[in-house]
Amino acid sequence: MALATPDWRLCRTVIFIKRQTGKKYNFDSDSAALYAYHIFVYENGDTIVAIFHRQNGSGCKSVFLETANKALKSVGLKLDMDLIVPPFNEIQGGSPTRMTLQFTRENNSSDIADHMKVSKKKCIIRDLGLNLEASENRKILGIIQKMQLKRINKEDAFSQIKAELPNSEEYNDAEIRLKIGNQAKNVKWNDFEHIMGNYDITQKLYEGYRATQNFAEVLIELADEYYQRIIESEVI
């Protein structure tokens, strides 16, 4: 059963209500990172399931956790959250179509401004492109898909990929191109694991909106469908 009404689930201001007193805690301008997201909350026995809908990348779940704990701190409570990886047979986060192995090193620029940045740019010395849609690279695609399904970690995956290629010892970084619906997205190797808790609804959302012109209702239906699939998979 969904705890939230459709209107609440699509609001842009996060509101927590203390049941005993009815006191409201509003989080708006201080929690601007939540603005572009919709949060769906479901109750399943003693478990609360929150589904976050987001566009592109961000840390919406971590911001939500921090915001919730601000409200709970005054009563001596703390909220903990566990990530539920989509339990379906589909490869989540998009289909890998290309991998570019890179030999990189820190930028040795003499420009002082370059060294004042929190995240320094890496200089790519050499790269090697791999077409993951070609049958010759089927093993490498399989390794990446195993990592997407959380069967191996990124360190083991990178070692296994290099073992499949001659003279690959020097490569220390990579980039993956993902096909998500009708779009393509390049993801840095070190960022790749952060998108794997995702369930992509881009195509379904687009088709539903085109048919109904009602974004809110289509998004609610897809969230309810996703929640039901999680429950049926018995991962919680």
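Remarks
- Scanning the range 121-149 for residues that are under 20 Å from N107 (Cα atoms) and either in a loop (DSSP other than H, G, I, E, B) or touching a Gly at 6+ places or on another chain (Cβ under 7 Å) (or both) yields a total of 1.
- Residue within the range 218-235 that is at pLDDT below 85 and assigned to a strand (DSSP E or B) present: no
- Residue check, V41 modelled with pLDDT of 85 or more, of a type in the set (A, V, I, L, M, F, W, C) and closer than 25 Å to T202 by Cβ: yes
- Subset of the range 198-223 (residues that are open to solvent by less than 60 Å² (accessible area, probe 1.4 Å), touching a residue at least 40 places away in the same chain (Cβ under 8 Å) and not β-branched (V, I, T)): N198, Y199, A216, L219, A223
- Those residues of the range 190-217 which are at pLDDT 75 or above, within 30 Å of L101 (Cα to Cα) and of a type in the set (A, V, I, L, M), in sequence order: I201
- Selection from the range 149-191 of residues that are surrounded by 15 or more Cβ atoms within 10 Å (Cβ to Cβ), out of contact with any Ser or Thr (no Cβ under 6 Å at 6 or more places or on another chain) and of a type in the set (K, R): K154
- Taken over the range 135-148, the criterion of being open to solvent by 30 Å² or more (accessible area, probe 1.4 Å), more than 19 Å from the chain's Cα centre (by Cα) and without any contact (Cβ under 8 Å) to a residue 40 or more places away in the chain is satisfied by S135, E136, R138, K139.
Every residue, every condition in (1) at pLDDT 75 or above; (2) over 25 Å from K154 (Cβ atoms); (3) surrounded by 10 or more Cβ atoms within 10 Å (Cβ to Cβ), yes or no:
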{"site": "I84", "(1), (2), (3)": "no, no, yes"}
{"site": "I91", "(1), (2), (3)": "no, no, yes"}
{"site": "R105", "(1), (2), (3)": "yes, no, yes"}
{"site": "D111", "(1), (2), (3)": "no, yes, no"}
{"site": "V118", "(1), (2), (3)": "no, no, no"}
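The values are calculated or read from the model by the stated rules, or taken from the named source; none is laboratory data. This structure is a prediction, so every number in the text was calculated from the model and none was measured. With ideal geometry, Cβ positions are generated from the backbone for all residues, glycine too; neighbour counts draw on all protein chains shown. Quick note on the areas: whole protein, heavy atoms, side chains included, nothing else; ligands and nucleic acids left out. Shrake-Rupley method; radii C 1.70, N 1.55, O 1.52, S 1.80 Å.
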